[in-house]
Amino acid sequence: MQDFQEFTDNTPEDIAGYPMVPIRDVVVFPFSKAAFNIGRTSSVRALEEALSTNRLIFLATQHDATMEDPGADEIYHVGTIAYISNSLRKPEEVTIKVLVEGRERARAVRIIEEDGYLRAIVRRAPVVPENNRRTINLVARIGALVEQYLKLAQEPNPELLLSALRVGDPGQMVDLLAHVMKLQMEDKQSLLETYSVHERLLKMVDLIEVEIEKLNIDRTIQTRVKRQMEKSQREYYLNEKIKAIHKELGRKDEKAEFDELRVKIEEAGMTVEAKEKALTELQKLEQMPPMSAESTVSRNYIDWLVGVPWQKKSEEIRDLTHAQEVLETDHYGLDKIKERILEYLAVRQLVEKPRGTILCFVGPPGVGKTSLGRSIAKATGRNFVRLALGGVRDEAEIRGHRRTYIGALPGQIIQMMKKAKTINPVILLDEVDKLGHDHRGDPASALLEVLDPEQNHTFHDHYLDVEYDLSQVMFIATANVLHTIPGPLQDRLEIIRLAGYTEREKLEIARRHLIPKQLEGNGLRESQIEFADEGIRSLVSSYTREAGVRNLEREIGSVCRKVARQVVLQKERDFNYTVNESAVKDLLGPIKFRPQTIAEHSEIGLVNGLAYTEVGGDVLQVEATLIPGAGKLTLTGKMGDVMQESAQAAVTYLRSRAAELGIPADFHKHYDLHVHVPEGAIPKDGPSAGITIATALASVLTRIAVHKNVAMTGEITLRGKVLPIGGLKEKLLAAHRAGITTIILPKDNEKDLSDIPADILEAFQLNPVETMDAVLQIALERLPDPAPTVNDLDAALWQTPSVSTQTSTGLNS
């Protein structure tokens, strides 16, 4: 400090001492503002010293930015005296953010270390105004060059350059331009070290011209590359530009990419055939231009071969107890279904390479077919993927397109395997009964190979064009009905039927699964809402009519949303709402479905029939009436061909049994018969209404009423035999909902009664029959009298009250 004092006592005014900070990769010019971070201990000490005095500091750029502690010889001696406008140091950070304003140029005469920081004795640069003609011409030249530079360069802030040009003083203008423009650090330092304004302007002219030349060269390269590309391919242009740059730099990224692909092929574990094909395709790819259409096709093909799993397997859980717990937790009821699934899983564990049955769950919507497949995957520890087949009409959706087609892809089976990432997932083929077919092929036929255990270990996808092993995949299919599934496809499936749920089962399902799920989904707690049994029963019987529970879950969700709104509005901590029958009506409004009820009185020509639809069982009332005519049989109610044939068979049977039933043998010559099945807008078909139609016609011809609490189902033959039908469980559930007590069913369907819940069977008087005579003995209120004459029948017709035409509940589609 003493040396400095002795030195400064005899020095002129243009020499002074300031704390000094070496800065990296930044050149601070006079008349400009700059922000940078200070982190070195000596620099922080110099900053503190400057802040404690006049806030002036000397900033000089160091030669090597990587040098942590530069010496005096490693710092440019020409720098800038700057004023510290602001400094900010955050508590969690080591560095200090500094904002400075450059004041004037200066050259360090001596740099000394003092109290842990650098101090520079500097000589201020002389400021000589130069406003002669040469300077004015150079300023104009710089203005023109800057405008040209802005046209070529995509400068993010052109206003900074333009504002610098508007500065009146040439020296300040060139300093501001040097600060704003993106120049090399050495070029900026050279401008800073040039004291003469005229020489500084000349250097700036040269630097701007160099920058413009660079931009022109870049534009020339762009134009040259652009001429080589197709006009519609912008992507091609960008890749060609990258390619040209890489070529100039001596790089070749394609080789590394091909090497990576080759490693992936080796590690994928492909079959010999697939590996040879992949390597052959890779060799072709290496010889193709990168942006050609053929290279894209080859690359996609290799990616698919590498992407599908070839050897990776899920570790299968072989604990039947765990599987049973999962099934019991996820589903209520369905005991026989669960038992069959557990048997299926047990066999797959005992056989090392099972090629067994493929399960197909058949049942109405909402009974849990899809969720059963998900539970099987969860129980066995396999990955689960779902393939929706509803509406699929193209065979290529299953087998894929050949690679010769533009945009070709593998079929859905291979896509699902890639999604599953293992060779032994559970693939659920959902809605297999909704497959269509047209001129593009039959996807159901393509599924034959997929679902045949003897063939699917060599499944051939058109896109991959190599054999792929599907034998370790567990396929599970679902369907609503069977009659739309082709016979050969049915032959490959083991059918497991899921009937609709009883009211008691729906009550338990709602309690265990649906209500907790909806409470969580709507942000409610169990303490805020309580579902009473009567409220759930009201939802089941009055607001839904289905075999499953899908609509029941929607209605429970609707109740939860309305209660959630009340919770938000009332803002009570102890809010509690009980959902009983009256609360359901208040929340959801009038009931949506009136109960399925039978007629109040036994009537002539009105019979309760049982029907099976895609959404479960239903009770339909068949009406028949007799009018004068010439023996015409009229069938209304949108009956299908099979149902119409059943009605014709019933008339023929009654004519053949006219004497035994007390019906005039020639009634068909004098009267027309009309059979109607409400609801008329809903299509109906099937042979199971045969004995129902025959009973209605027998009632109207004998003028004997049919018991109101009797319902029946069965197919009729010309000889009066009663043949078995399907969907017995669903039909009995519908009869139970309607309050029917007596059931007439084919004797051959007695074996199906074991699938019916015990509480449902106890509610019925079941009457298995083999003949139509037995049906009439049970259904009619009394046995027919001996055969009358036509005149007696005519008299009876006009003396008996007209036959009821009461509307029935009909079918639900």
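The values are calculated or read from the model by the stated rules, or taken from the named source; none is laboratory data. Here the structure is a predicted model, which means the values were calculated and not measured. Note: ideal-geometry Cβ built from the backbone for every residue, glycine included; neighbour counts use all protein chains shown. Note: areas computed on protein heavy atoms with side chains; ligands, DNA, RNA excluded. Shrake-Rupley method; radii C 1.70, N 1.55, O 1.52, S 1.80 Å.
Summary table
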read-out: Extended-chain gain in nm, criterion 0.36 nm per residue less alpha-carbon gap, K419 and L51; value: 126.0 nm
read-out: Of all DSSP beta bridges in the chain, antiparallel share, percent nearest 5; value: 60
read-out: Acute angle (nearest 10 degrees) that the helix 293-307 long axis makes with the longest principal axis of the chain, alpha-carbon atoms; value: 70
read-out: Largest-first ellipsoid semi-axes for the chain, taking √(5λ) over the Cα gyration tensor eigenvalues, angstrom; value: 93, 34, 27
read-out: Amide proton proximity set for E104, modelled H, under 5 Å, gap of 5+; value: I81
read-out: Cα-derived Rg over Rh, computed across the stretch 496-628 with Rh taken as Kirkwood radius; value: 1.12
read-out: Extended-chain gain in nm, criterion 0.36 nm per residue less alpha-carbon gap, H437 and D218; value: 73.0 nm
read-out: Descending semi-axes in whole angstrom, ellipsoid equivalent of the stretch 263-393, from the Cα gyration tensor; value: 41, 19, 12
read-out: For the stretch 551-604, Kirkwood radius (reciprocal of mean inverse C-alpha pair distance, Å); value: 13.8
read-out: Hypothetical label at D73: residues of the stretch 101-135 whose amide nitrogen lies under 17 Å (7 Å Cα-Cβ projection); value: 110-113
read-out: Pairwise FRET efficiency - T280 versus E762, Cβ, R0 = 56 Å, nearest 0.05; value: 0.20
read-out: Cross-link reach list, lysines versus K188, counting only Cα pairs under 27 Å and skipping chain neighbours closer than eight places; value: K33, K97, K151, K203, K214
read-out: Nearest-10 value in Å² for the accessible area of T458, using the 1.4 Å probe; value: 50
read-out: Compactness index (Cα Rg / 2.2 N^0.38 Å), the stretch 297-348; value: 1.85
read-out: Inter-label distance, nm, simple model (7 Å from Cα along the C-beta direction), H457/N37; value: 6.4
read-out: Subset of K378/K684; K592/K638; K338/K708; K277/K369 violating a 32 Å alpha-carbon distance limit; value: K378/K684; K338/K708; K277/K369
read-out: For the stretch 92-163, diffusion coefficient by Stokes-Einstein and Kirkwood Rh (Cα), 10 °C, 1.306 mPa s, µm²/s; value: 93
read-out: Label-to-label distance, nm, for residues given as E600 and T578 (7 Å Cα→Cβ offset); value: 3.4
read-out: Length released on extending from S754 to A388, taking residue separation times 0.36 nm less the Cα-Cα span; value: 128.5 nm
read-out: For the stretch 258-317, the spread of Cα positions along each principal axis, largest first, Å; value: 49, 18, 18
read-out: Translational diffusion of the stretch 391-537, µm² s⁻¹ [Kirkwood Rh, Cα pairs; Stokes-Einstein; 20 °C; 1.002 mPa s]; value: 117
read-out: E267 accessible area, assembled protein chains, probe 1.4 Å, Å²; value: 140
read-out: Column: log10 I(q)/I(0), Debye, Cα scatterers of the stretch 1-111, q = 0.22 Å⁻¹; value: -1.34
read-out: Residues T741 and S656, FRET efficiency given R0 of 51 Å [Cβ-Cβ distance, rounded to 0.05]; value: 0.95
read-out: Surface/4 estimate of mean projected area, convex hull on alpha-carbon atoms of the stretch 614-720, nm²; value: 6.8
read-out: For the stretch 324-453: Kirkwood Rh in Å [reciprocal of mean 1/r, alpha carbons]; value: 16.3
read-out: Surface per residue (accessible, 1.4 Å probe) for the chain, Å²; value: 50
read-out: Angle between the chain longest axis and helix 641-656 axis [Cα atoms, degrees, rounded to 10]; value: 10
read-out: Backbone HN-Hα couplings from phi across the stretch 764-775 [Karplus 6.51/-1.76/1.60, Hz, Gly and Pro as x]; value: 10, 9, 8, 10, x, 10, 10, 10, 6, 4, 5, 4
read-out: Cβ-Cβ FRET estimate between D25 and Q287, R0 fixed at 56 Å, reported to 0.05; value: 0.75
read-out: Label point 7 Å beyond Cα of N137 along Cβ direction - residues of the stretch 174-196 with amide nitrogen under 16 Å; value: none
read-out: Whole-percent pair-distance distribution, where bins are 10 Å wide, for the alpha carbons of the stretch 686-729; value: 26, 51, 22, 1
read-out: Rounded to the nearest 10 Å², the accessible area of V180 at probe 1.4 Å; value: 40
read-out: Bins of 5 Å, starting at 0 and running to the largest distance - Cα pair percent for the stretch 694-783; value: 3, 14, 26, 24, 19, 10, 4, 1
read-out: Heavy-atom accessible surface of the chain: percent carbon and sulfur, 1.4 Å; value: 49
read-out: Of the GluC sites (Glu not before Pro) in the stretch 79-136, those whose Cβ has at most 15 other Cβ within 10 Å and which sit in DSSP loop; value: E92, E93
